[in-house]
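Shown next, in structure tokens, is the structure this report addresses.
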Amino acid sequence: MKARDLRDRSTEDLAELERSLANERFQGKFKNFTNRLDDTSVIRKNKRDLARVKLILTERARGIVVVSKPLDAEQKPKTRAPNPAPAEAPEKTETAKTEKKAETKEPKKGKAASPPKTAAKAHAPKAPPAAKSGGKKPAAKKSGKGD
């Protein structure tokens, strides 16, 4: 149901529709709980329709007037402005191409700053690891009351 269609109805019709939608919502939930409902999307649809009806009834009770758009305005397709033509890029010269190639051949700063590893450092003996606890805390000593 659309809100526009619901706003055309009388308040008495909306009150009756609200009662029937509330009943359908309850029945749908009950059928879903007992696994007799094939299409569970009906529950959500009924819930939203009921909310629309309640909204319109509340608007009327408060005296809020909602003006809807005419049908003709909705049916017009939206058109976009044409994209501007891209500006032409300046032609590249051969010097610009060779400069780019020279820049890419230079080594990166991070790798050039580190000194190369020597064979003596690679085969240096490792220090024995520090003693590690087994992951468990030692048990607390129990003191006897009679000692």
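For the stretch 70-77, indicate whether the set of residues that are surrounded by 14 or more Cβ atoms within 10 Å (Cβ to Cβ) and assigned to a helix (DSSP H, G or I) is non-empty. Checking the stretch 70-77: not a single residue is surrounded by 14 or more Cβ atoms within 10 Å (Cβ to Cβ) and assigned to a helix (DSSP H, G or I). For the stretch 16-46, the set of residues classified as within 16 Å of Lys2 (Cβ to Cβ) and within 31 Å of the chain's Cα centre (by Cα) consists of Lys45, Asn46, listed by residue number.
Taken over the stretch 45-56, the criterion of being hydrophobic (A, V, I, L, M, F, W, C) and either in a loop (DSSP other than H, G, I, E, B) or in contact with a helix residue (DSSP H, G or I) (Cβ under 7 Å, 6 or more places away or on another chain) (or both) is satisfied by Leu50, Val53, Ile56. Based on what the data block shows, is Val42 free of Cβ contacts under 8 Å to residues at least 40 places away in the same chain, assigned to a loop (DSSP other than H, G, I, E, B) and of a type in the set (Val, Ile, Thr)? So Val42 fails the test.
What residue, of Asp49, Asp5, Asp13, is of a type in the set (Asp, Glu) and under 29 Å from the mean Cα position of the chain (by Cα)? First the steps, then the outcome.
Numbers: Asp5 fails: under 29 Å from the mean Cα position of the chain (by Cα); Asp13 fails: under 29 Å from the mean Cα position of the chain (by Cα).
So the residue among Asp49, Asp5, Asp13 that is of a type in the set (Asp, Glu) and under 29 Å from the mean Cα position of the chain (by Cα) is Asp49.
There is no residue in the stretch 57-72 that is within 29 Å of the chain's Cα centre (by Cα) and either at pLDDT 95 or above or not hydroxyl-bearing (Ser, Thr, Tyr) (or both).
The values are calculated or read from the model by the stated rules, or taken from the named source; none is laboratory data. It should be emphasised that the depicted structure is a prediction, and the values quoted were computed from it without experimental measurement. Backbone-built Cβ (ideal geometry, glycine too); neighbour counts: all protein chains shown.
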